[in-house]
Structures are given as C-alpha cells and as structure tokens.
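Encoded as structure tokens, the structure appears first; notes follow it.
Bear in mind that the values in this text are calculations on the coordinates, not laboratory data. Note that the structure is predicted; figures quoted are calculated from it, not measured. Positions of Cβ are generated from backbone atoms using ideal geometry, with glycine treated the same way; all protein chains shown enter the neighbour counts.
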Amino acid sequence: MNKRIQQLVEQAGLKHHNWITNESNVTDGDFKYPRLEDYEKFTKLIVQECIQMCDQAAKQSEATLHAILAEKNPDLGPTLVAKGAQIQAEKLSKNINQHFFGAD
C-alpha cells in the first residue's frame, strides 16, 4: 500500500489486514469493522490533500508570474501561461472544496 495512503488510513482510524502480504495495523483483539464515519473521514483526508496540492500549484504559478513580471521586458506568452495556470489551480481547488464540502 502507498505509504501516504497508509498514513491516511491510520489517521482516519480504519483497521485493515492484507492477507496476501500480511500487512496490518490491527493488534490482537483490536479489529472492528470500519464504520461509515471512518470511511468518510478517510475520504475527506484524501480530498483535503488534493485541495492542498491545488493551492500549492496556484502559489507556485503566482510566484512564477511575479518573477516574469519583475523582468524589465517580460515576454507576454510565459506571463499569460503562468497567470492561466494560477487561475486554473485556484478554480480547481475551489471547485473540489465546494463539490465535497459545500464550502467556498
């Protein structure tokens, strides 16, 4: 299992045991079937991580835009690409947030 997914599984409180690889986060007598709330928490953690990645991409594009604009004679092409990337990442973050959490 991907290490980051494993961390999110544990953070959400999901218990699992892979009978093929014998990977487990279950200790003796600790197993219980996951509740719907555990799956919801796991899902929210993944979505929040996606939103953070979009926000980070927007900040990187904004930094690129500022670096281009700081040049004496910035080339219009890279400027528009950087600004477009920033806007798209911000929109994506907002849309994901709104879709899953109903928030702006």
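A few comments on the model shown:
- Considering only Met53, Leu69, Val81, the residue lying farthest towards the positive end of the dipole of the range 37-85 is Leu69, judged by Cα position with unit charges set on Cβ.
- Listed peptides 65-71, 40-46 by packing density, highest first (mean Cβ within 10 Å): 40-46, 65-71
- Qualifying trypsin sites (Lys or Arg not before Pro) in the range 66-104, DSSP loop, other Cβ atoms within 10 Å at most 14: Lys72
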